[in-house]
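Report on the following structure.
The values are calculated or read from the model by the stated rules, or taken from the named source; none is laboratory data. Keep in mind that what you see is a predicted model, and the values were worked out from it rather than measured. Here the Cβ positions follow ideal geometry from the backbone for every residue, glycine too, while neighbour counts run over all protein chains shown. Just the protein is used for accessible areas: all its heavy atoms, side chains included, with ligands, DNA and RNA removed. Shrake-Rupley method; radii C 1.70, N 1.55, O 1.52, S 1.80 Å.
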Amino acid sequence: MPPLLPTIRTPRSPHRYSDGRLVGAIIAAKLGRRPTRWQQYVLDVGLERVDGPGSPFAYANVDLIVGRRCGKSVTTMGVPLARSLAGPVVLDTGRVMPFLGAHTAQNLVKARQRFLKDLVEPYRESMSADVWRSGVKLREAIGDTSLTIDPAMSGKDWRLRRSSQIQVFAPTRSSVRGDGLMHLTFDEWLVFTRLLGQELLAAAGPTLGDARGHGQIWRCTNISVLNNEQTAVWETKESGRAAVDAGTTSGTAYFEFTIPEGSDVTDEHMWPEWYPGIGDGLIRVEELREDLKRLGPESFGAEYFGLWPGAGAIVKLWETIARSSWDTAGAPADELVMPDDVPAALGVDIDPFDRQASIVATSVDPDPDRDGLVQELVDDRPGSSWLMGRLRELEPTVNAIGIDDYGPGHDLILDIERDEPAIAAKLVKTGAQDIVSACFAWDSRLRARGVRIRKSDHYATATQAAGAAQRTSGKAWQWERRLPIPQTPIMGATLSAWALGRAPEPETFFVY
């Protein structure tokens, strides 16, 4: 079977000149990877020019959705490198602009790691040490990573009058703004919420507009079972498919690999037809089998075959938390009353995709014959903007408030410490090791019938989360947050139980 082209794709306009072949040759020479057929197709279409060589690009946005381990980094890294080697750009006004590109991903650390591994290392290996020292400057600080290239053979000028530069940016609105920016790559676009994606593009658009048609934004990603209507890649998919259906050949070029809805992704006979990594020789069937076993059909279908959530995916239930343990813990709301005269704590958790947030209350079981905890999911809503107001209401009733400082709650903690001293005084922040211990401790209590959970208004939501719960791999496991059903009720219960016995000591004041 010949190598695949994207299932859904913007057509090539044969009357237009494209930089695609030249860029493909540079990628092969400088990054050591000859583009596959589908990668070359994306380059040929995405780099079409409106009116011949050196004219503005036909597409200001190039969007690519392809399965994991298919080599999307070749295009992600190769395009800005090829443009940087081409040197300054002459605008239609006669102004000469040096090339300035930017690369970002889900966070600054990940973006830097991918940039150094997939661009800097192979590019350095393509030349001698003397050539590297004479024509390239590399900055490797965590907050200041960049590659500066002077394409001239003589008369080096490192002040960016002629030199090209590719920088690593944090995925924030302020970071993607920048005078002279001509190329912006978003890797792992799947991790951004719809709102943040809109804000990032709104910030970057006017910046690239100064390049008068020579600026481009490339968004390259796979998908996961988390990508519902509230994530940026879902909106990218909807608008991209609509553009392809309408035959659009300007503005946005869209490419997507996806298997038909209802397909059985466990059928190995279908893999070569719908997954380009096999035909391109990037992955063996045996490796796919292992990934299917590790991920399960739902995640495997999304991350490797572009099977969107809701397109035949089935969520497995009650594999990690035993249904018997959960049912035993459940107690009727009118029979189990949260006591007022004993220490109490709140646990707050935010979904990593900002789909919802939860607040769980925990106190000591009032039954003298029990040595356990009483818990209740007291609030659970979409998004997280409502949390601060609700915490102000609940703070006077508790001794401690647990939030994971190593997860999505980090920014909430910063806001609390800056603006809410009463809440901040009761914070119990968990780090990487704390959260592992907290997860193990709560799970052990649940299995040992040391937890009773009040069947109040949000109990059904908590039950749904418990049924889908999974653990991360390894001995030091924690609750997996990246699941189709948000796990904020389970994490909230875990954090509130942890915080209950670790309430901060109240400050002591002396009056003289």
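Only helical DSSP H runs with n ≥ 4 go in: add -39500 (n - 2.57) per run for the chain, normalise by residue count and round the 222 nm mean residue ellipticity to 500 deg cm²/dmol.
-10500 deg cm²/dmol
Taking N as the number of residues in the stretch 223-362, what is its alpha-carbon radius of gyration divided by 2.2 N^0.38 Å?
1.50
By its C-alpha gyration tensor, with a ≥ b ≥ c as the square roots of the eigenvalues, how is the stretch 349-493 shaped: rounded for a/c under 1.5, else prolate for a/b larger than b/c, else oblate?
Judged from the Cα gyration tensor, the stretch 349-493 comes out rounded (a/c under 1.5).
First check a/c for the stretch 207-256, with a ≥ b ≥ c the square roots of the eigenvalues of its C-alpha gyration tensor; if it is under 1.5, answer rounded, and if not, answer prolate when a/b is larger than b/c or oblate otherwise.
Judged from the Cα gyration tensor, the stretch 207-256 comes out oblate (a/c at least 1.5, b/c at or above a/b).
What FRET efficiency, computed as 1/(1 + (r/R0)^6) with R0 = 30 Å and r the Cβ-Cβ distance, is obtained for Met270 and Ser385, rounded to the nearest 0.05?
Efficiency at R0 = 30 Å is approximately 0.10.
Taking the stretch 25-181 on its own, what percent of its Cα-Cα pair distances exceed 23 Å?
40 percent
Under a crude label model (7 Å from the Cα following the beta-carbon direction), how far is Asn228 from Asp179 in nanometres?
4.5 nm
Taking just the alpha-carbon atoms of the stretch 53-131, what radius of gyration and Dmax come out, in angstrom?
So, for the stretch 53-131, Rg and Dmax equal 15.0, 42 Å respectively.
Carbon and sulfur together cover what percent of the accessible area of the stretch 326-401 at a 1.4 Å probe radius?
The C+S portion of the solvent-accessible surface of the stretch 326-401 is 46 percent.
In the chain, what is the volume of the convex hull around the alpha carbon atoms, normalised per residue and reported in Å³?
Hull volume normalised by residue count: 190 Å³.
Mind giving me the nanometre distance, one decimal, between the label points for Asp411 and Leu196, set 7 Å out from Cα along Cα→Cβ?
So the two model labels end up 0.6 nm from each other.
Cα centroids of the stretch 390-424 and the stretch 177-248: how far apart, whole angstrom?
Value for the Cα centre distance between the two parts: 33 Å.
Any chance you could run the full-extension gain for Ala333 through Asp92? It's 0.36 nm times the residue separation minus the Cα-Cα distance, nm to one decimal.
79.6 nm
Rounded to the nearest 0.05, what FRET efficiency is calculated for Glu238 and Asp367 with R0 set to 41 Å and r the Cβ-Cβ distance?
0.20
Quantify how much of the Cα-Cα distance distribution of the stretch 14-89 extends past 20 Å, in percent.
26 percent
Roughly how many whole Å is it from the C-alpha centroid of the stretch 458-509 to that of the stretch 121-151?
The distance from the Cα centre of the stretch 458-509 to that of the stretch 121-151 comes to 44 Å.
Among all the lysines, which ones have a C-alpha under 18 Å from Lys117's C-alpha, if same-chain residues fewer than 8 places away are not counted?
Leaving aside lysines fewer than 8 places away in the same chain, those within reach of Lys117 are Lys30, Lys72, Lys137.
Which ³J(HN,Hα) values in Hz, rounded to whole numbers, follow from the phi angles of the stretch 163-177 under the Karplus curve 6.51 cos²θ - 1.76 cosθ + 1.60, where θ = phi - 60° and Gly and Pro get x?
5, 9, 9, 10, 10, 9, 10, 6, x, 10, 4, 5, 6, 7, 8
Please work out the average accessible area per residue across the chain, using the 1.4 Å probe convention, and give it in Å².
45 Å²
For the stretch 18-58, which whole-number percentage of the solvent-accessible area (1.4 Å probe, protein heavy atoms only) is attributable to carbon and sulfur atoms?
52 percent
If you bin the C-alpha pair distances of the stretch 109-263 every 5 Å from 0, what whole percents do you get?
Each 5 Å bin holds this share of Cα pairs: 1, 7, 14, 17, 19, 15, 11, 8, 5, 2, 1, 0, 0.
Run through every distinct alpha carbon pair of the stretch 159-208 and return the Kirkwood hydrodynamic radius in angstroms, one decimal place.
Result for the stretch 159-208 stands at 11.9 Å.
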